Amino acid sequence: MSVVGVNSASCEAGTAARILSALFESVPMAVLALGIDGRVTLWTAAAERVLGWSEEETLRRPPPFIGEENPDDGVLLLDQCLNGDRLAGVERRWRKKDGSPIEVRIWTAPIRSADGRIEAILATIADVTLQKQLEEQLHHARKMEATGRLAGEVAHDFNNLLMVINGYSDLLRLDLSPGHPGRLYANTIAEAGRKASELTGQLLSLSRRNRQRNEVLSPLRILRDTEDVLQRLAGPDVQLTMHLAPQTGNVVGDAGQLQQVLLNLVLNARDAMPLGGSLRIETENVNPDRPRRSPSPELPHGPVVRISVSDTGVGMTAATRARLFEPFFTSRQVGHGTGLGLYCVSSIVRRMGGRVEVESEPGEGSCFRILLPRVFGEASPDERDDPRFRRELCGCETVLLVEDHPNVRSLIRDTLIQHGYSVLDAHDAENALTVAESHRGDIDLLLTDVIMPGMNGTNLARRVRRTRPEIRVLYMSGCRGAAEPGPGAPVSAAGYIQKPFSAESLLETVRRALEAPAPLMMLQ
């Protein structure tokens, strides 16, 4: 026997054995040997660390590990090796002594006698569980990135369609008296368009092209508005009850993202109750002088609004609770969930300055508590009310409208004209420059889409400002991230309006832009 660093001529058998034993001890992978009868003849300390069984529990016995997909996996692999095959990086999913799953990669080599007969099989086994998890997370991340890009592109075009649906339903409701039978149809169209707009916002959030819009929110209003949706998500076998304190305070955040938090928690509760059960949502104000169940230094001092979502489901172990908010972690079977729902919940709540607390035990259900800083400002008005255009929303100024989608352009033009504005419209930036150059009168406002074929909206604004430095500029886009003007871009006090917007929102924003101070900076 020859060992590196040892003179083979003078090496005694005992010394060689000790060196070989030290070599096995130093290898982080499990090393074991199986005789032709299928019993373990060698079991290293690393094998105990990787698989859980001790040498005393394994020597002269069949290998204890069990294949998760095939209980006879070890026997089949041994038969394969005894036939002379070598395993080179074969992957298997086994269970350790404590029952936890483990992903392994196996290499084998036959141990032969002097006459060439196979006497035993030497196996090296690497624990690749973490590596496989990271590969799966990377795969999920790439899918999410691709989905996000697609969502952003689809949402931009979808927002243009919603603009037409929502805008003309608003104009139709204006022309119909409250008792007209067609007004009910128009209201139904408007409600469907509003819900589609919320869905588009979630797509843009997925694509990360939609920034958080912080405003004062009423959790009561959001819960009442989404109660029907939450009940449908919970399913017919789950009884949903809401206990909302009438004086529940307001919080600051993005309404769409808070809705997403509630939807994800309800979906998580539904999956925890496969045979049905009860789901309870509560709100309450927590005063600073009242002790909290789980004091947290991360939670800001002062009054807190608590939203609790409790279910009677299967509950969770301590090990599951410890990893609950990790990205891509899920206790569900492969193909049932991405492991991103609760991670998104935690991320959104943290961005709102709050915290999520969890109480759960196996068989006793779960309770998620969202703790958000309470504010005392008034919540933003509900934009779903029927549009009632006030006199102060009308105007007589001239607007240069640039929008490549013909139906959206027609809708905006009709809305502005009906409220007293003169409108010059163009289908792209080059056309807009021609219109601006040929028009002899004043142009008070440039209302332009940001994303257009050819020249984009911000570059168009720079070109127009060279000859009309006093013009106000209002950007519009279906993707909030795309609406960021570059350095030196002309921005009015209003600056930007996100599609799809209502006719009233358009008129209010146009009015603010026109009444803002004239821009002072000159563009190169």
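Some observations on this one:
- Hits in region 111-133 - residues which are open to solvent by less than 30 Å² (accessible area, probe 1.4 Å) and either among the hydrophobic types (A, V, I, L, M, F, W, C) or closer than 16 Å to VAL40 by Cα (or both): ALA120, ILE121, ALA123, ILE125, ALA126, VAL128
- Looking across region 88-110, the residues that are basic (Lys, Arg) and either open to solvent by 70 Å² or more (accessible area, probe 1.4 Å) or within 17 Å of THR58 (Cβ to Cβ) (or both) come down to ARG92, ARG93, ARG95, LYS96, LYS97.
- Within this structure, LEU474 fails the test of being crowded, with 20+ Cβ neighbours inside 10 Å, at pLDDT 80 or above and part of a helix (DSSP H, G or I).
- Here the condition is being modelled with pLDDT under 65, open to solvent by less than 20 Å² (accessible area, probe 1.4 Å) and out of contact with any helix residue (DSSP H, G or I) (no Cβ under 6 Å at 6 or more places or on another chain); of GLY339, GLY335, it holds for GLY339 alone.
- Members of region 397-424 found to be charged (D, E, K, R) and crowded, with 16+ Cβ neighbours inside 10 Å, listed by number: GLU397, GLU403, ASP404, ARG409, ARG413
- Only listed residue being modelled with pLDDT under 75 and surrounded by fewer than 16 Cβ atoms within 10 Å (Cβ to Cβ), chosen from LEU206, LEU199, LEU184: LEU199
- Being surrounded by 16 or more Cβ atoms within 10 Å (Cβ to Cβ), at negative phi and modelled with pLDDT of 90 or more is a condition met by no residue of region 376-396.
The values are calculated or read from the model by the stated rules, or taken from the named source; none is laboratory data. Keep in mind the model is a prediction, meaning the values are calculated, not measured. Counting neighbours? That spans all protein chains shown, and the Cβs are built from the backbone with ideal geometry, glycine included. Protein only, heavy atoms only, side chains kept; ligands, DNA and RNA dropped before computing areas. Shrake-Rupley method; radii C 1.70, N 1.55, O 1.52, S 1.80 Å.
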